[in-house]
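Please treat every number below as a calculation from the coordinates, not as lab data. What you see is a predicted model; the values in this text were computed from it and never measured. When we count neighbours, we look across all protein chains shown, and the Cβ atoms used for this are built from the backbone with ideal geometry, even at glycine.
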Amino acid sequence: MKEALETAVDAAGGRHPDIVLAGHVHNYQRLTKSLDDETVAPYLVVGAGGYHNLHHIMKVDGEKMVAPVVFQDKGGDQVTLERYCDDHFGFCRLEIADDKIVGRYYAVPRPQEPYSKGNQLIDYFEFDWRNRHYLPNTLK
């Protein structure tokens, strides 16, 4: 997927998408890629909508990662795993406005959990898509 995106960015004269959405992996991940002009691009993997076999995030030294985690991808680009959820089904809600994109990811109760538990807000972000940076998180 990275190669396909980079080919498209090159073909578009270096213009990068404001946000990248994917869903094949069966979990939730919000990654941030640092771009050459010191701005960032959010990458959302939203694939935990109901497939019975959720995919787990890689472990480090046998332990689950605690986000945020900064790493270099295979091409040497800096990427940050901001948040993830790999043990519950869920859904993402995006609100797109003239000045920002607001994202919320909710985990839903597992079949063996009571539905009275309700949905749980796992991730919240506001992204200034014109200036390509995250806005301070003011959700209390």
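Brief remarks follow.
- Overall Cα dimensions of the chain, principal axis frame, Å, largest first: 51, 37, 24
- When you filter the trypsin sites (Lys or Arg not before Pro) in the range 3-82 for DSSP loop state and at most 10 other Cβ atoms inside 10 Å of their Cβ, you are left with Arg15, Lys74.
- Helix 2-11 axis, angle to the chain major axis (alpha carbon atoms, nearest 10°): 30
- Remark: relative contact order (the range 2-134) = 20 percent; criterion is Cα-Cα distance under 8 angstrom and separation of 6 or more residues.
- The GluC sites (Glu not before Pro) of the range 1-69 that DSSP puts in a loop, and whose beta carbon has at most 11 other beta carbons within 10 Å, are Glu38.
- Remark: the range 1-138 carries a charge dipole of roughly 480 debye about the Cα centre, counting +1 on each Lys and Arg Cβ and -1 on each Asp and Glu Cβ.
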